[in-house]
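The values are calculated or read from the model by the stated rules, or taken from the named source; none is laboratory data. Quantities reported herein were computed from a predicted structural model and do not represent experimental measurements. Cβ sites come from the backbone with ideal geometry, for glycine too, and all protein chains shown count toward neighbours. Surface areas here come from the heavy atoms of the whole protein model, side chains and all, with no ligands, DNA or RNA. Shrake-Rupley method; radii C 1.70, N 1.55, O 1.52, S 1.80 Å.
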Amino acid sequence: MLWGSMAHLIESRTNRPSDDPIFALNREASARRARGEAIVNATVGALLDDDGKLVVLPSSARAVREVSEEEWAAYAPIAGTPGFLAAVIDDLFAGSPELKASACAVATPGGSGALRHAIASYLEPGQKLLTTNYYWGPYLTLVDEADRKLETFEMFDAEGKLDTGALDRAVDRQLSEQGRVLLFLNDPCHNPTGYSMRTDEWRAVVAVLDRHASRGSVSLLVDMAYFAYGSGEPRAFMQELLPLLGKAALLFAWSASKTFTHYGLRVGALVACEPDPTERARTEAALSYACRGTWSNCNRGGLAAITRLLVDEALASSCTRERDAVRAVLSARVSAFNAAAKGRLAYPRYEGGFFVTVFFQDALERACRMKERGVFVVPVKGALRVALCSVAERDVPRLVDALAESP
Ligand SMILES: Cc1ncc(COP(=O)(O)O)c(C=O)c1O
């Protein structure tokens, strides 16, 4: 019998890339380091300490350790345990009673699961998700896998602020073409640019969506993967969203991965705000059905650990203290980067977070030349993504020299 003579995969799945490019770069960097080279690896999307070890908040680890065998072994309810969902809603809307009163949620495997459900539930097959022209690569994978498409708008205007004029034009076009808009905004600490929007930018986004919301269905998803690492009050923008409540779908992709340094626990949630009770019940049913139709239910032990981290006051405050210490390490790296890069590199306002993006026309070639010098970064279209979350402060000057191609 002749193996391989017949293709069994459906046409659209026959040419999928076999490796995630970021993981491949990371593997190469690790292999060279293991051979004794002094490597600066700015590709890893996780917080590493100055010795290159994964940062694990001790209180998070304790909460995970103290989950009982029964919790790990049992199924969770399809939509997630009620205690977990309530804790996430409380966490998000501590200062926004209007949003809290209209919220429903489902547990998802990380923020990724929340993004997946939003794409499948708020866009028809073939329709286009809208996001900024710099975006986290898996947004494309997620829409591709769900047989949807992706469209972007220019993220920055001439002053380096969020280009709400470009957003306005894109929303207008999409409403004319497909009658609905699902907009993903990753804020604060946008991956990959590091950008965090200010209040006036949020206001401008809301004004754009408000203006168009009567023409078709408008949904805004805030991807909050990094919200525990911003430099300002992370929930301040919520108040700005209130004019949209009831006019647009307000969605939040909540993730425990970065907030509690447990990326592999796969705990997240999709939260939706719908003030109309009938619409809210419909939304809840649709999202719960989507859980059953994809991963069935999330890991109950993980939900239990994260619930405790959110509601047990003593544990939550020790976790916050530990995270603050880690944030200070990250913030020192950000300051070192800004000090070394100002005037030498072009990049967006960078005040904190895991990544920054430096603009280059020759991004791909430059990344290759940098690799030869032992410095690894991730090329994206027209830019290089630099993961300061994985680079020690002492290595930042060498990293910036390599980016600037100084000798
Ligand atoms: C922008 C962004 N959104 C969402 C996620 C989702 O992560 P997870 O599925 O681990 O919660 C990530 C993780 O890297 C991210 O960078």
>> Taking only Cα atoms of the range 110-161, what ratio of Rg to Rh do you get with Rh as the Kirkwood inverse-distance radius?
In response: 1.04
> Where Lys and Arg each count +1 and Asp and Glu each count -1, what net charge lies around ALA170 among other residues with Cβ under 12 Å from its Cβ?
Replying inline: -3
>> In 10 Å bins starting at zero, report the fraction of Cα pairs in the chain per bin as a rounded %.
In response: 5, 21, 31, 27, 14, 3, 0
>> Tell me the net charge near PRO192. Cut-off is 11 Å between Cβ atoms, PRO192 excluded, with +1 for each Lys or Arg and -1 for each Asp or Glu.
In response: +2
> Taking the Cβ of PRO348 as the center, what net charge do the other residues with Cβ under 14 Å away carry, scoring Lys and Arg +1 and Asp and Glu -1?
Replying inline: -2
> Computed FRET efficiency, Cβ-Cβ of ARG344 and SER30, R0 25 Å: what is it to the nearest 0.05?
Replying inline: 0.30
>> What is the percent carbon and sulfur in the accessible area of the range 118-188, measuring with a 1.4 Å probe over the protein chains and ignoring ligands?
In response: 44
> Working out 0.36 nm times the residue gap between ALA207 and ALA73, then minus their Cα-Cα distance, what length gain in nm do you get to one decimal?
Replying inline: 43.5 nm
> Residues of the range 181-262: accessible area per residue at 1.4 Å, in Å²?
Replying inline: 26
> Once phi is turned into θ = phi - 60°, what whole-Hz ³J(HN,Hα) does the Karplus curve with 6.51, -1.76 and 1.60 give for every residue of the range 171-177, x standing for Gly and Pro?
Replying inline: 5, 4, 5, 5, 5, 5, 7
>> Give me a comma-separated list of calculated 3J(HN,Hα) values for the range 153-164, in order, Karplus coefficients 6.51, -1.76, 1.60 applied at θ = phi - 60°, integers in Hz, x for any Gly or Pro.
In response: 10, 4, 6, 10, 8, 5, 8, x, 9, 4, 7, 6
>> With bins 10 Å wide starting at 0, give me the P(r) of the range 216-301 over every alpha carbon pair, in whole percents.
In response: 14, 41, 34, 11, 0
>> From the phi angles alone, apply the Karplus equation (6.51, -1.76, 1.60; θ = phi - 60°) to the range 65-78 and give each ³J(HN,Hα) in whole Hz, x where the residue is Gly or Pro.
In response: 4, 8, 6, 6, 4, 4, 5, 5, 7, 7, 5, 9, x, 3
>> I need the fraction of alpha carbon pairs in the range 168-286 separated by more than 25 Å, rounded to a whole percent.
In response: 27
> Working out 0.36 nm times the residue gap between ASP401 and ARG16, then minus their Cα-Cα distance, what length gain in nm do you get to one decimal?
Replying inline: 135.0 nm
>> Given a Förster distance of 51 Å, report the FRET efficiency between SER231 and GLU365 from their Cβ-Cβ distance, rounded to the nearest 0.05.
In response: 0.95
>> List the residues, sorted by chain then number, that are 5 or more residues from CYS189 or on another chain and whose placed amide H is less than 5 Å from its amide H.
In response: SER196, MET197
> Based on the inverse mean of 1/r over its pairs of different Cα atoms, what is the Kirkwood hydrodynamic radius of the range 105-238, in Å?
Replying inline: 15.1
> Measuring from label point to label point, each 7 Å out along Cα→Cβ, what is the GLU177 to LEU242 span in nm?
Replying inline: 3.6
> How much area per residue is accessible in the range 37-83 when the probe is 1.4 Å and only protein heavy atoms are counted (Å²)?
Replying inline: 53
> If you average the sequence gap of Cα pairs under 8 Å that are 6 or more apart and divide by the length of the chain, what percent do you get for the contact order?
Replying inline: 26
> Taking the simple approach of a point 7 Å from Cα along Cα-to-Cβ for both ALA285 and ALA325, what is their distance in nm?
Replying inline: 5.0
> Any idea how far apart GLU159 and ARG394 come out in nm if each label point goes 7 Å out from Cα toward Cβ?
Replying inline: 4.2
> Within the accessible area of the range 48-112, what % is carbon and sulfur when the probe is 1.4 Å and the other protein chains stay in place?
Replying inline: 58
>> Based on C-alpha coordinates, I'd like the Rg and Dmax of the range 1-94, in Å.
In response: 21.8, 64
> Which whole number of Å³ per residue matches the convex hull of the alpha-carbon atoms in the range 302-403?
Replying inline: 124
